[in-house]
Every structure is written in structure tokens, then in C-alpha cells.
Ligand code: SF4
Ligand code: SF4
Ligand code: SF4
Ligand code: SF4
Ligand code: SF4
Ligand code: SF4
């Protein structure tokens, strides 16, 4: 029986091991873990390691008979074999060190991985969390995609017209703010995508971050038949995001035929069923 | 603050090829993130390179490494004063800072040791990486190679996607009764039918050759392999899917196509907002489709 994380490779009797880091979450690995990867690739594989588009790590060319042993060494270092076949993929997260410094999602992602990492599903299921609307973790082409949003408050009477929120490389990216020597900041809420970058930059608190919320998208997909996800819920509170993800996953499990991806379920029964 | 950091460090790091201000992200005044990647692909690291990244992260950073969605190994929290030795050590191990800003980003290939592979992409990808890697362009520009239509490297959501496909040859008389191997292997419903004679619906078939691999009788064979080239996709704040530009291209035609698309993009891209130029897909949309874009 093929275990999670062991996939067919090229060459007879050779397999590929796919693992993800669990210390503390997928997108992050420690230097000790890197050394273990190097060691395992040298000892059991062909001295190379491949990183996948979803932040998993693969060690190709492992002798089938040595797989268990190799995986044991990897697990000792805090890796988990998985992310293949009909399983939830580990949740994909954007960078903890993003210089835009938007909403952190790493903790939520850890929690989801605890619960759903490599759980059996009707078909492959991808979950992605992005800290802002720029969606670096590809939340809009995943089965379930979460995007953090920040509501800002703009108080033009406090503005010193320094122009940072507009001109700084880390300021507004979508022209939702204007400011000039004569006129204090003006905010076009239609253009605003709620990234909150400006509130990190304004030196005098003329723009401030208010509450955070999370938009939830479902039914996107990559691969052979790529499709854009659809917006299911807007501005869900932090406390309720994980509940919502739970609910969507349970609904999917209940409604899907074997082998059916979430987008296909949504096409068949309508997105309202997931509301 | 960020600006100041760039100005201070850049002249010194400029001696290392390919380092642009954004490859080294200035986070605080003293702390930078280095986006390291292997050449020619950012997704294959040797054991020695992993150890080097580990060493640099420990010596100059916090011992942590971030796996980026486009396969960089990012070393965060490096002290600014230690940037130069860190970069030099990485460079000596074949790792460069790169893969950010408005240029051709890391060339991306799927795992072509995968059994689904129709046509290998590593060599062609390396040539493209050599030719176009880090080329400055109006906005960021992503190129992905997938060795089969499953598209694990997400070729439909990048500026140029190159997908390995097969041309099949059918010999119906070799097909035996009672066999359904090809049907079971086919990932697309209704692409292949055997009732009343072996047939492939060319509208539905994605040309993945799984049927040919499953057929032991030689009734379905791979006649030739090549690439489909799709252009103008993106992900992020908005999602666009590439439009088919070439339906069956040979290696040199793929390179020609990339060259042409990049030239048109340079010529036609306009400012989208104060900070950025349009992405390729946005230019194509504004102009009214790929054909119009290519002939503008
Ligand atoms: S999604 Fe936003 S917060 Fe996350 S890495 Fe991208 S820009 Fe940074
Ligand atoms: S929160 Fe709105 S106004 Fe502020 S930087 Fe983001 S898009 Fe611009
Ligand atoms: S950063 Fe703040 S003070 Fe400066 S122009 Fe913007 S709103 Fe005004
Ligand atoms: S794109 Fe095809 S060949 Fe490449 S890794 Fe995915 S399934 Fe395998
Ligand atoms: S090439 Fe064969 S297996 Fe692939 S889609 Fe076409 S008929 Fe199906
Ligand atoms: S696998 Fe080959 S022999 Fe079997 S049904 Fe298909 S074409 Fe015929």
C-alpha cells in the first residue's frame, strides 16, 4: 500500500518522497531541517531536492525499500510525509516576513494544518491563506482561499501632507489615495482593496487600521482545467474564519462524489449550498 | 526608511550579478531578507546548496528559512552589515539573490521526473533561463514550463506558460475487445470512446498521452511531442488565464514565441497606475485580444 507522501518516480523501484515542514508551519524551515534534507537526499536519493509550487519539498530517486527509513529520519526532524493523492494539501501561506507587513496568517495556517493536513477527502483539496489582497498564496485559484482585509480610517485633518502613503514603495499600490502640497489626503474607497499598507506607513496616524476581516473564496483550481475561485463570504471575523473553513470542508465531504473536486461540486449543486 | 537602506547597500552588492534592490528586502533599518535561488531553476537545490543556505541562515540570520511560492529559499532577518559576506557565500555555492521586482522572475518547471511527463522541460527551461532570466521588463514577468497538461507549475496563470503535449496516432485494428485500459487512464470525461470503434474527440482531448501509455496493444501511440504555448495569465489581486498562442510548437518555436511576446510587451505596456506598468495580460485585454496584441 502506498502511504501518503510517497509518489511514483522515474526509473524502476524508485520513488519520490514528498514532505512538508511542521515546525512551525509549511512555509518555514529551520537550518537544522535543511541539513537533514541535505543528508537524506545524499543518503537515499540523488543529492537533489525539489521544491513544489505549494511549498512542499520532494526528494526524488529514493530506493523503494529504503523509503520507510528515509521518512523516519525526516519525521524526526519535524517533516511530515504527505500532500499527495486524495488528501488535503497542506495549507499554503504567504510570507511571514513580507515587507508590506499586512495581516499575519501563519498561526491560523498552523491550526488548519493540525486539523486538516493530509486528511482523506473525496478528492484533492487545496486551502490557501494570504495576508492581503495581493494574494501571494494564490487564494483565488485554490479550492478554499482566504484573504485578509483591513478596514482603514482616514482623518484628513490630521494629515501633514508628507505624501508617504502615496509615494513610498510600500504605500498604496492601487491609487486609492491622493495627496498634494495644497490638499490633505483623499481616500477613494471604491479603489481601495483593504490591504492596510497605508496605515503602516502614515507617520502621524492620519490613516489608521481598524478591524480586520477575511474574505473567503471557494471553487478555484489550477492544473489541467484552471478556474478562478468565487467569493463566498466577505469580511468574516478572525474568530470565525476557521469555523467557516470547517463548515465548507464538511459540506464538501457530504456533497462530493468520490473523486470530485470542490469546484465541480459547486458547479453541480450551486454555490448557495455552501453559504 | 526602506529607500535609505537600498542606497546604502546597493553599490557594494552591485558586484554580484543579478542583485536588484528588491532581491534584498529591507525590512527594518538593520535587517534584510535575501531571496536566494539556484541556477538555472529555483526549484532544484543540491544537498550542498541546502547546507550552504542553512549555514548562512545560522551565521547571518535567525536560522530560519522561508519557502516562497515561486521556490526561492528566502533567508530573513540578516543583519544589514553582514549582507555582503552572506551574498558572497551563497554566490560561491551557485545561489544568487534574485526573483523579485519588475523583471523576468524565476523560470519555473514542474518536477519532470514525474511519470505523467509527456515531454521533458528541464533543458529548454535552462536555455530560456539563460536567455531571459532577470531581464528587466515593464512589470514582473513569469514563465512556467509543465511537462504535461496537468500543469503543476501553473502555466495558465503566468505570463507565458509552456505545456508539453503529444500528438497521437491511432491504429484501430490493433484495439482488442474487452479492454478498457485507455478509458480508465484518460483524465477527461468523454475524450476517448471505444464503443463502435476507437475514437478520440479532439475538442476534449488535452493531449496528455495517458491513454497511449496505458495501451499495451499499440493501438494508441505517441507520434510526436511538442509544446502548447499560452500567453497572458496571472494570479494575485486579479486572476487571468493565458490564451493559446501556439497549439503545437517545437523547442525553437517556443523560444521564438517568448522573444516575440516579450518584444511586444516592452513596446506596448503602459502605466497602469502611479507605481506600476500593466502586466502582459492587462495589455492584451486593453488591446483586444492576443492576435491584435501580437500584430500591433
Ligand atoms: S499576500 Fe500580502 S501580506 Fe502576504 S506576502 Fe503577499 S503582499 Fe505580503
Ligand atoms: S488600504 Fe486602501 S488606501 Fe490603504 S494602501 Fe491599501 S488600497 Fe491603498
Ligand atoms: S502618510 Fe499620513 S500624513 Fe503623510 S500624506 Fe499620507 S495620510 Fe497624510
Ligand atoms: S505537470 Fe505533469 S509531468 Fe509535470 S509534475 Fe505535473 S503531472 Fe507531472
Ligand atoms: S491524450 Fe488520451 S488520455 Fe489524454 S485526454 Fe486525450 S484521449 Fe484522454
Ligand atoms: S487500451 Fe488500447 S487496446 Fe485497450 S481499449 Fe484502449 S486502444 Fe484498445
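Here are the numbers for this structure:
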quantity: Flag if residue A:93 is surrounded by 21 or more Cβ atoms within 10 Å (Cβ to Cβ), on the phi < 0 side of the Ramachandran plot and facing chain B (nearest Cβ under 10 Å); calculated: yes
quantity: Residue ID - modelled with the lowest pLDDT, chosen from residues in segment A:16-27 that are within 10 Å of chain B (Cβ to nearest Cβ) and buried (at least 23 other Cβ atoms within 10 Å of the Cβ); calculated: A:26
quantity: Hey, residue A:195 in contact (Cβ under 8 Å) with a residue 60 or more places away in the chain and within 9 Å of ligand 2 (Cβ to nearest atom) or not; calculated: yes
quantity: When residues of segment B:56-71 are limited to those that are at the interface with chain A (Cβ under 7 Å from one of its Cβ atoms), touching a helix residue (DSSP H, G or I) at 6+ places or on another chain (Cβ under 8 Å) and in contact (Cβ under 8 Å) with a residue 12 or more places away in the chain, the one surrounded by the fewest Cβ atoms within 10 Å (Cβ to Cβ); calculated: B:64
quantity: Subset tally (residues that are on the phi < 0 side of the Ramachandran plot and assigned to a loop (DSSP other than H, G, I, E, B)) for segment B:63-97; calculated: 5
quantity: Segment A:31-49: number of residues that are within 7 Å of another protein chain (Cβ to nearest Cβ) and touching a residue at least 12 places away in the same chain (Cβ under 8 Å); calculated: 4
quantity: Test: residue in segment B:78-97 that is surrounded by fewer than 19 Cβ atoms within 10 Å (Cβ to Cβ), within 16 Å of the chain's Cα centre (by Cα), more than 8 Å from chain A (Cβ to nearest Cβ) and more than 16 Å from ligand 6 (Cβ to nearest atom); calculated: no
quantity: Residue within segment B:242-263 that is farther than 23 Å from residue B:119 by Cα and within 16 Å of ligand 6 (Cβ to nearest atom) present; calculated: no
quantity: Close pairs (6 angstrom Cβ cut-off, 6 or more residues apart or separate chains): facing another protein chain (nearest Cβ under 10 Å) and in contact (Cβ under 8 Å) with a residue 12 or more places away in the chain in segment B:104-124, away from ligand 3 (no atom under 16 Å from the Cβ) and in a strand (DSSP E or B) anywhere; calculated: B:108/B:144; B:109/B:145; B:110/B:146; B:111/A:50
quantity: Test: residue in segment A:215-225 that is over 18 Å from residue B:238 (Cα atoms) and more than 14 Å from chain B (Cβ to nearest Cβ); calculated: no
quantity: Failed item in (1) within 16 Å of ligand 4 (Cβ to nearest atom); (2) touching a helix residue (DSSP H, G or I) at 6+ places or on another chain (Cβ under 6 Å); (3) more than 10 Å from chain A (Cβ to nearest Cβ), with residue B:159 passing the rest; calculated: (1)
quantity: In segment A:50-63, the residues that are more than 25 Å from the chain's Cα centre (by Cα) and within 14 Å of chain B (Cβ to nearest Cβ); calculated: A:61, A:62
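For (1) away from chain A (no Cβ under 14 Å); (2) in contact with a strand residue (DSSP E or B) (Cβ under 8 Å, 6 or more places away or on another chain); (3) within 16 Å of ligand 2 (Cβ to nearest atom); (4) touching a residue at least 12 places away in the same chain (Cβ under 8 Å), each residue gets a yes or a no:
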{"position": "B:213", "(1), (2), (3), (4)": "no, no, no, yes"}
{"position": "B:218", "(1), (2), (3), (4)": "yes, no, no, yes"}
{"position": "B:224", "(1), (2), (3), (4)": "yes, yes, no, yes"}
{"position": "B:231", "(1), (2), (3), (4)": "yes, yes, no, yes"}
{"position": "B:235", "(1), (2), (3), (4)": "no, no, no, yes"}
{"position": "B:238", "(1), (2), (3), (4)": "no, no, yes, no"}
{"position": "B:243", "(1), (2), (3), (4)": "no, yes, no, yes"}
{"position": "B:249", "(1), (2), (3), (4)": "yes, yes, no, yes"}
{"position": "B:254", "(1), (2), (3), (4)": "yes, yes, no, yes"}
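The values are calculated or read from the model by the stated rules, or taken from the named source; none is laboratory data. All values derive from a computational prediction rather than experimental measurement. Backbone-built Cβ (ideal geometry, glycine too); neighbour counts: all protein chains shown.
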